[in-house]
Amino acid sequence: MRRSIALTAAVLAAPALATATSAAAHAAPTATAVATAAPAPADALKRQFQTGRGVRIAQTAHMFSGKTTLLKAELKGRLGFGPTGPAAYDLAMRMTSGKGSGNDSYRAINVKNRLYASGDAYNGLLPEGKKWVSGKGGPLFLQHPDVLEPVVLAALVKDPSGKHSRDGLRHQGTLTYAELYKLSAGFRATLRTKPTGESAEAEISWRLWLDGKGLPRRAAVSETLAIGKSSLTRTSDTRFSGWGSKVTVTAPPADQVIDEKDLPSDAPEPKELVNTLGSHRNGG
């Protein structure tokens, strides 16, 4: 997971006021002038945290053992914000095992701290007419480091050495588990216990692309874990679009919902299901 690197406030300089007889009028703007032209990315992100507004997300994740693909996961949907950050989501997920030997589809809705889940894990386990299982909700961690966490975003872009690319201003680096655990509340919530020893030194490689407003456009991460004589590699690539768009997340119809406490013993609780899917994607 990744060590901080990078960002430069990247707004194209406004044309200089032309004075035919003044060479200074044609001079390039100073770094300070460019830096003050746009808010820092963390500040730009915080400005997006408005109830009723949000962003669209699309993610593809893979898990490999050597050159063999063990799992592919795809996620698409909408994320809604509140005054302090992500507050609701409506996501469709698809998991493919091995060489397409197994496919599972899911949908997860989180609104007003209530999580609703539906999908293949519940086939044949719910009463007639029930399509959704509800339980206590919680935050969504798309990947780590989580670029929707302002303190994390600020750390990743603190070095003004981003490079321009087709997808925007790009920053990259690595973070150890220990560094990310200290930095990110979301990562601490995912791990639950402080990493020590070799696990503390495990690294996540990251790349981050920012748009012209300093907001994340794309974030890609990867890590490789040694398992005996083999290795396990996990990657995820998340793209963000439609920043500031109107997002309304609504709960499923009440008559289609069953509470998790009424589930058969062999059916997963919604939070358990979503956390399991997330751990495959981002190394929980």
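The values are calculated or read from the model by the stated rules, or taken from the named source; none is laboratory data. The structure displayed is predicted, hence computed values, not measured ones. Note that we place each Cβ from the backbone using ideal geometry, even for glycine, and neighbour counts take in every protein chain shown. These accessible areas exclude ligands, DNA and RNA; they are computed on the full protein's heavy atoms, side chains included. Shrake-Rupley method; radii C 1.70, N 1.55, O 1.52, S 1.80 Å.
Using Cα pairs closer than 8 Å and at least 6 residues apart in sequence, work out the relative contact order for the stretch 67-154, in percent.
21
Using a ≥ b ≥ c from the Cα gyration tensor of the stretch 131-269 (square roots of the eigenvalues), is it rounded, prolate or oblate, where a/c under 1.5 gives rounded and otherwise the larger of a/b and b/c decides, a/b for prolate?
Details: a/c = 2.31, a/b = 1.31, b/c = 1.76.
Oblate, since a/c reaches 1.5 and b/c is not below a/b.
Can you compute 3J(HN,Hα) from phi for each residue in the stretch 105-116, using the Karplus curve 6.51 cos²θ - 1.76 cosθ + 1.60 with θ = phi - 60°, rounded to whole Hz and x for Gly and Pro?
Working through the residues one at a time gives 10, 9, 9, 10, 10, 10, 8, 6, 6, 10, 9, 10 Hz.
In whole Hz, with x marking every Gly and Pro, tabulate ³J(HN,Hα) for the stretch 75-87 from phi via Karplus 6.51 cos²θ - 1.76 cosθ + 1.60, θ = phi - 60°.
Each residue of the stretch 75-87 in turn: 9, 9, x, 10, 10, x, 9, x, x, 10, x, x, 10 Hz.
Taking the highest mean first, how do the peptides 137-145, 75-83 order by number of other beta carbon atoms within 10 angstrom per residue?
Ranking, from highest mean packing down: 137-145, 75-83.
Looking at this model, which pairs from K72/K229; K136/K271; K46/K182; K46/K136; K112/K136; K136/K261 are more than 19 angstrom apart at the alpha-carbon?
The pairs that break the limit, which is 19 Å between Cα atoms, are K72/K229; K46/K182; K46/K136.
Which value, in Å² and to the nearest 10, is the accessible area of L273 when all protein chains are kept and the probe is 1.4 Å?
Counting only protein heavy atoms, the figure is 20 Å².
Could you rank V247, V151 by how accessible they are, 1.4 Å probe, largest area first?
Ranked from most to least accessible, the order is V151, V247.
Name the long-range amide H neighbours of L70: under 5 Å, sequence gap of 5 or more, or other chain; modelled H, no Pro or chain starts.
Amide H neighbours of L70: M63, F64, S65.
In terms of modelled amide H atoms, which long-range or inter-chain residues lie less than 5 Å from the amide H of K158?
I5, A6, L7
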